[in-house]
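Report on the following structure.
The values are calculated or read from the model by the stated rules, or taken from the named source; none is laboratory data. These numbers were taken from a predicted model, which means no experiment stands behind them. Positions of Cβ are generated from backbone atoms using ideal geometry, with glycine treated the same way; all protein chains shown enter the neighbour counts.
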Amino acid sequence: MERDEDPDWTSSVGRRLLDWYGREKRDLPWRADRDPYRILVSEMMLVQTTVAAVVPHFKRFLRLFPDFAALAAAEEEQVVKAWEGLGYYRRARQLHAAARMVVELHGGRMPDDPALARALPGVGRYLAGAILSQAFDRPEPILEANSQRVLARLLAWDGELSAAATQKRLWKAAERLVPATQAGDFNQGLMELGALICAPRSPRCLVCPLAALCEARRLGLQDELPRIAPRPAPLVVEEACAVVVRRGKILMIRRRSPGLWGGFWEFPTIHREGADPAGRSFGEPVDLAEGARRLTGVRIEVGDLVKTLTYGVTRHRVRFHAYRAVALSGDPRPAPGFSEARWVEPEALSELTLGSAARRLASAIQVAPADWGLSN
Ligand code: SF4
């Protein structure tokens, strides 16, 4: 018999975890009540983002869009703008689409049926389990980064973590462990234990409420499990952008919607080397001045390299080189794939919807405008 088939073992895990969670859980704003909307928003924000980074964004987002109806009534651009700083903008669009579906199909109330919940955009098995267990106390399992680490160690599961067989086994364990009542607290307890005690490195087994039940600890394997395949090296990308100045204003272009970056504003940017995750290549090598002309219709003279930023997109590591530049002639005219091109006051840059690199560059321009040929 496997450990998680033993009802004594599963009930001991449940009891100890619920006791510990009741004492030690962090006071987080989305735990204030069982509102499925707040849970959905927090879970969408927490994808690939730390709790500390999410808390202020969550509070601000809830002030702007307090419930499904308010979010559904908003324009997509407002939602993406409110998401700025969290990255993974696809999540913002999915959340917005999910709110519209909840309003249109379910009268503004989150469905408590797993199949209906999973039919919402961006809501997979994990998210449906998290919402249904926390909001409606349905005994639905969850599996995400923290809980899968805890479960793999509890069972001393030796398979590579992302392998299909491992995921199947750990989902089975989550199903067997989730209790008939207090499922939401149990699931949150698993995640909280992974976040606070059963950390990826140096798990704190001495203070773990599950230590006596943990197979990895008994075997002394807690530092080796779960097994994680080394990540492939990121693909390096080189991009260059021009901060084009004319009469104290900066030339900006806006990507056409729909599309991953649809609606976002950019400094005229070209791809130089490596893969092209943002689709910036012209299909032939062009220098920055020629690229900016093709993107905006404005002829420019490129000056010094002022700043290089680095950012990540999926498997890519992008080095983003920003040059100062001046406009020589021509009026802004967006290239195909862009909906607008115009001159923007430096102070107004922060009102635009910008990706992470463009936002960091906009801040650098506002802090030291003279570096870019703008007066203070
Ligand atoms: S005993 Fe150690 S390895 Fe096992 S669940 Fe607790 S912290 Fe993790």
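Below, the figures for the structure above:
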{"quantity": "Tally, over the range 320-354, of residues that are in contact with a Pro (Cβ under 8 Å, 6 or more places away or on another chain) and surrounded by fewer than 15 Cβ atoms within 10 Å (Cβ to Cβ)", "calculated": "1"}
{"quantity": "Selection from the range 130-155 of residues that are more than 16 Å from the ligand (Cβ to nearest atom) and touching a Pro at 6+ places or on another chain (Cβ under 9 Å)", "calculated": "Ile131, Leu132, Ser133, Gln134, Ala135, Phe136, Arg138, Pro139, Glu140"}
{"quantity": "Exclusive hit being closer than 30 Å to Leu328 by Cβ and modelled with pLDDT of 95 or more, set Cys198, Cys241", "calculated": "Cys241"}
{"quantity": "Test: residue in the range 247-261 that is touching a Lys or Arg at 6+ places or on another chain (Cβ under 6 Å), over 30 Å from Pro114 (Cα atoms) and either at pLDDT below 95 or within 16 Å of the ligand (Cβ to nearest atom) (or both)", "calculated": "yes"}
{"quantity": "Qualifying residue in the range 213-222 (condition: assigned to a helix (DSSP H, G or I), in contact (Cβ under 8 Å) with a residue 12 or more places away in the chain and buried (at least 20 other Cβ atoms within 10 Å of the Cβ))", "calculated": "yes"}
{"quantity": "Odd one out for Asp158, checked against (1) of a type in the set (D, E, K, R); (2) surrounded by 17 or more Cβ atoms within 10 Å (Cβ to Cβ); (3) within 16 Å of the ligand (Cβ to nearest atom)", "calculated": "(2)"}
{"quantity": "Every residue from the range 304-316 that is surrounded by fewer than 16 Cβ atoms within 10 Å (Cβ to Cβ) and touching a residue at least 60 places away in the same chain (Cβ under 8 Å)", "calculated": "Gly312, Arg315"}
{"quantity": "Subset of the range 191-211 that is in contact (Cβ under 8 Å) with a residue 60 or more places away in the chain and within 9 Å of the ligand (Cβ to nearest atom) - its residue that is surrounded by the most Cβ atoms within 10 Å (Cβ to Cβ)", "calculated": "Leu193"}
{"quantity": "Members of the range 161-175 that are within 16 Å of the ligand (Cβ to nearest atom) and more than 22 Å from Ala229 (Cα to Cα)", "calculated": "Ala174"}
{"quantity": "Residue within the range 167-187 that is surrounded by fewer than 21 Cβ atoms within 10 Å (Cβ to Cβ), in contact with a helix residue (DSSP H, G or I) (Cβ under 6 Å, 6 or more places away or on another chain) and either without any contact (Cβ under 8 Å) to a residue 12 or more places away in the chain or hydrophobic (A, V, I, L, M, F, W, C) (or both) present", "calculated": "no"}
{"quantity": "Selection within the range 340-376 - in contact with a strand residue (DSSP E or B) (Cβ under 7 Å, 6 or more places away or on another chain) and of a type in the set (Asp, Glu)", "calculated": "Glu340, Glu345, Asp371"}
{"quantity": "Cβ-Cβ under 6 Å pairs, at least 6 apart or on other chains, the range 40-51 side polar (S, T, N, Q), far side part of a helix (DSSP H, G or I) and modelled with pLDDT of 95 or more", "calculated": "Ser42/Phe58"}
